[in-house]
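First comes the structure, then the notes that go with it.
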Amino acid sequence: MSEPMHSDVSHKDGATLTFNTRFGVVELREDRLVEFPQGLFGFRECTQFGLAKLPSVDNSPLMLLQCVNQPSIAFLVADPAQLGVELGASDISEALTETSMPASETQFLTILTLYDQGDSYYLTANLKAPVLINSANRSGQQFIFSNKSYSTQHKL
């Protein structure tokens, strides 16, 4: 799993939450938050998230999945396809069936981990356990593929 990213939260107004993250200030609309009733693996207490673009970064496929009820927790995420990684059709079908999420309204995201090698950095993607978000009812769930060919640390 990704290392938690520290942030502070404040209420900007009744409809927006503002988080000071190590990437900069992130604002989330309260009416766009996503509920994860079961939390994420290793973070069961994290049940409410917002999805935001990284501050001060244009045209990046990377986003921030910011926990609202545990503001010190945030994950870098991305659509695997935007990273040049294809998930198998049968694996996608399995995940949609098991989670009862409709294909037309479900977004697959992979949690990313940033590694510091001193003079350089690299990213890995957890392809084994993607995060699924149903945009229609704003619910989410993390799913573990039964396909053993996916890695939790796919180097990008």
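Here are the numbers for this structure:
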read-out	value
Given charges at beta-carbon only (K, R positive; D, E negative), |dipole| of the chain in Debye	120
Gain in span if fully extended, Gln38 to Asn59, counting 0.36 nm per residue against the direct Cα distance	4.4 nm
Ser135-Ser151 pseudo-label distance in nm [points 7 Å out on the Cα-to-Cβ vector]	3.1
Estimated [θ] at 222 nm from DSSP helical runs (n ≥ 4, -39500 (n - 2.57)) normalised by residues in the chain, nearest 500	-2000 deg cm²/dmol
Qualifying aspartates and glutamates (Cα of each under 18 Å from Cα of Lys53; at least 8 residues distant if same chain)	Asp8, Glu27, Glu30, Asp31, Asp79
Neighbour-count order for Ile92, Ile73, fewest beta carbons within 10 angstrom listed first	Ile92, Ile73
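No lab work stands behind these numbers, since they all come straight from the coordinates. Keep in mind that what you see is a predicted model, and the values were worked out from it rather than measured. FYI the Cβ positions are ideal-geometry reconstructions off the backbone, even for glycines, and counts take in every protein chain you see.
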